[in-house]
């Protein structure tokens, strides 16, 4: 019986450790970061986001809030739109751009790399010329 209790305790400890390794840290000591920091992300988004033609033709604008997990190795997973722009085409483009991002520098907690959540908006705004053309029709 004594050995059974020890074995059970060992299995429980390993299970708890396995769960904690998969947990997502809400408040890391060091936040996950896009390569090149905020300026690098801004450049990436500007160079890689394509305003969908249909959305342009319909004059659709909006802000899409995306969420994903930065894994310990810097890869990204669990992509999700947490607030839609109201346009399926803009939402789809925001997801496409985020899914194609390069690996990030992972977050750290107590000196160890941890999984963390990242959330941010992607803005879709038509230029003044496009807005004027749309209004004249």
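The values are calculated or read from the model by the stated rules, or taken from the named source; none is laboratory data. Remember, predicted model here, so these are calculated numbers, not experimental data. No Cβ is skipped: glycine too gets one built from the backbone with ideal geometry, and neighbour counts run over all protein chains shown.
This table checks each residue for (1) free of Cβ contacts under 8 Å to residues at least 12 places away in the same chain; (2) more than 14 Å from the chain's Cα centre (by Cα).
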{"position": "23", "(1), (2)": "no, yes"}
{"position": "47", "(1), (2)": "yes, yes"}
{"position": "55", "(1), (2)": "no, yes"}
{"position": "69", "(1), (2)": "no, no"}
{"position": "75", "(1), (2)": "no, no"}
{"position": "81", "(1), (2)": "no, no"}
{"position": "106", "(1), (2)": "no, no"}
{"position": "124", "(1), (2)": "no, yes"}
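Does residue 21 satisfy being more than 19 Å from residue 117 (Cα to Cα) and either surrounded by 13 or more Cβ atoms within 10 Å (Cβ to Cβ) or at pLDDT below 95 (or both)? No; evaluated as a whole, the condition is false for this residue. Picking from residues in the range 43-65 that are in contact with a helix residue (DSSP H, G or I) (Cβ under 6 Å, 6 or more places away or on another chain) and part of a helix (DSSP H, G or I), the one that is nearest to residue 120 (Cα to Cα) is 48.
When you scan the range 94-109, do you find a residue that is over 21 Å from residue 31 (Cβ atoms), modelled with pLDDT of 95 or more, out of contact with any strand residue (DSSP E or B) (no Cβ under 9 Å at 6 or more places or on another chain) and surrounded by fewer than 18 Cβ atoms within 10 Å (Cβ to Cβ), even just one? Taking every residue of the range 94-109 in turn, at least one turns out to be over 21 Å from residue 31 (Cβ atoms), modelled with pLDDT of 95 or more, out of contact with any strand residue (DSSP E or B) (no Cβ under 9 Å at 6 or more places or on another chain) and surrounded by fewer than 18 Cβ atoms within 10 Å (Cβ to Cβ).
Among the residues here, residue 30 does not qualify as without any contact (Cβ under 8 Å) to a residue 60 or more places away in the chain, at negative phi, in contact with a strand residue (DSSP E or B) (Cβ under 8 Å, 6 or more places away or on another chain) and surrounded by 13 or more Cβ atoms within 10 Å (Cβ to Cβ).
Given the structure, is residue 112 surrounded by fewer than 17 Cβ atoms within 10 Å (Cβ to Cβ) and either at pLDDT 95 or above or farther than 18 Å from residue 44 by Cα (or both)? Answer is yes for this residue. All told, residue 68 meets the bar of being touching a strand residue (DSSP E or B) at 6+ places or on another chain (Cβ under 9 Å), at pLDDT 95 or above and either part of a helix (DSSP H, G or I) or crowded, with 17+ Cβ neighbours inside 10 Å (or both). When the residues of the range 73-86 are filtered to those that are touching a helix residue (DSSP H, G or I) at 6+ places or on another chain (Cβ under 6 Å) and part of a strand (DSSP E or B), the one that is farthest from residue 62 (Cα to Cα) is 79. Among the numbered conditions (1) over 13 Å from the mean Cα position of the chain (by Cα); (2) without any contact (Cβ under 8 Å) to a residue 60 or more places away in the chain; (3) farther than 28 Å from residue 27 by Cβ; (4) part of a helix (DSSP H, G or I), the only one that residue 40 does not meet is (3). Exactly one residue among 89, 12 is outside any strand (DSSP E or B) and modelled with pLDDT of 95 or more, and that residue is 89.
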